[in-house]
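The values are calculated or read from the model by the stated rules, or taken from the named source; none is laboratory data. Quick caveat: nothing in here was measured; it's all calculated off a predicted structure. All Cβ positions, glycine included, derive from the backbone under ideal geometry; neighbour counts span all protein chains shown. For accessibility, only protein heavy atoms count, side chains too; no ligands or nucleic acids. Shrake-Rupley method; radii C 1.70, N 1.55, O 1.52, S 1.80 Å.
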Amino acid sequence: MSTAIFSHPDCSKHEMGDWHPESPARLQAIEDQLIASGLATLLVRRDAPLASTEQIERVHQGCALAAVRDALPGPGGYHPIDADTLLNEHSWQAALRAAGAAVAAVDAVIAGEVDNAFCAIRPPGHHARPDSPMGFCLFNNVAIAARHALDEHGLQRVAIVDFDVHHGNGTEEAFSGDERVLMTSFFQHPLYPYSGVHAMGSAPTNMVNIPVPAYTRGEAVRELINAHWLPALNAYRPQMIFISAGFDAHREDDIASLGLVEADYAWITSRIVEIAQTHAQGRIVSCLEGGYNLSALGRSVVAHLRSLAELG
Ligand SMILES: [Zn+2]
């Protein structure tokens, strides 16, 4: 298997203040662990291009682009979008690189240049709504990539697997009721953004949401994945799989209270690889979402990448 990693130095120029957990140090922590693990030399390195406005507008309305592009502060300043989502002077450029990484990864995987790809990007994306940035996220990278695969490459069925500890409300909003997309996720509930739990019978048929209570451990999550995600994914037969790869369900991550460890991320990723090999010619594009304990984040990304590259 050949696995690519897409990133760009611009993704580290966006920052929201020294106090903010979604920091440039996250990408450095990943890079450090890739080097320490020896994995760095086994991956194909690609620089992320800038996404085009047209690519972003497949998911977002003009007002969402304007909320970033037209609100950039001057050097050293911050512009708050909500209580914990801010812009600095580099945020537009970083957001275009993050979405551009995901789009370019789709092109590389579909062209067969690599088997699968991980995008080491920030800002993250899965809370970004079609009409507005939200929750550390500016543009919904994974949704933009999925729409690129559908609209530009003509795929008819893609799956989005979201294992971030938070519900991917923006992704659900972008694709709710769109039968070209199956989204499977688990998330701690109740927890920000307090979405994704539908009354009996009212859930969109293309959303497989598994809310789990605080303190749920990896074994229980694996059982739920076996019972709910895997049958749905096998029945759907996706032609490509996207991953919203957040690592904040790790038990060392204080932003939430789930109990996953590196071995759980390796296991989940291996199940996704199996589904992709069965139905999707192995095609996977994974996009970094959350993960705020720097050590746990770096180690978990290594576990994720080892499974993507089938290095055991
Ligand atoms: Zn998260």
>> If packing is taken as the average count of other Cβ atoms within 10 Å, what order do 285-294, 263-272, 46-55 fall into, highest mean first?
In response: 285-294, 263-272, 46-55
> Rounded to the nearest 5, what is the percent of antiparallel bridges among the DSSP beta bridges in the chain?
Replying inline: 10
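Estimate the FRET efficiency between Asp151 and Arg237 by the formula 1/(1 + (r/R0)^6), using the beta-carbon distance for r and 22 Å for R0, to the nearest 0.05. Before the final figure, lay out each step's value.
Values: r = 20 Å, r/R0 = 0.90.
Efficiency at R0 = 22 Å is approximately 0.65.
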> So what is the accessible area of the chain per residue, in Å², with the probe set to 1.4 Å?
Replying inline: 37
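In the chain, what percent of the accessible surface is made up of carbon and sulfur (1.4 Å probe, ligands and nucleic acids excluded)? Can you show the working numbers first?
Values: 5750 of 11430 Å².
Of the solvent-accessible surface of the chain, carbon and sulfur hold 50 percent.
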> What FRET efficiency do you get for Ala220 and Ala36 if R0 is 51 Å and r is their Cβ-Cβ distance, rounded to the nearest 0.05?
Replying inline: 0.95
> With each pseudo-label sitting 7 Å past Cα toward Cβ, what's the Asp18-Glu113 distance in nm, one decimal?
Replying inline: 4.0
> When the Cα centres of region 132-185 and region 189-249 are compared, how far apart do they sit, in Å?
Replying inline: 14
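Please work out how much length the chain gains when fully extended from Val44 to Asp254, using 0.36 nm per residue of separation minus the C-alpha to C-alpha distance, in nm with one decimal.
On the way: separation 210, 0.36 × 210 = 75.60 nm, distance 3.22 nm.
Extending this stretch completely gives an extra 72.4 nm.
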>> Rounded, prolate or oblate for the chain? Axes are the square roots of the Cα gyration tensor eigenvalues, ordered a ≥ b ≥ c, and the cut-off for rounded is a/c under 1.5.
In response: rounded
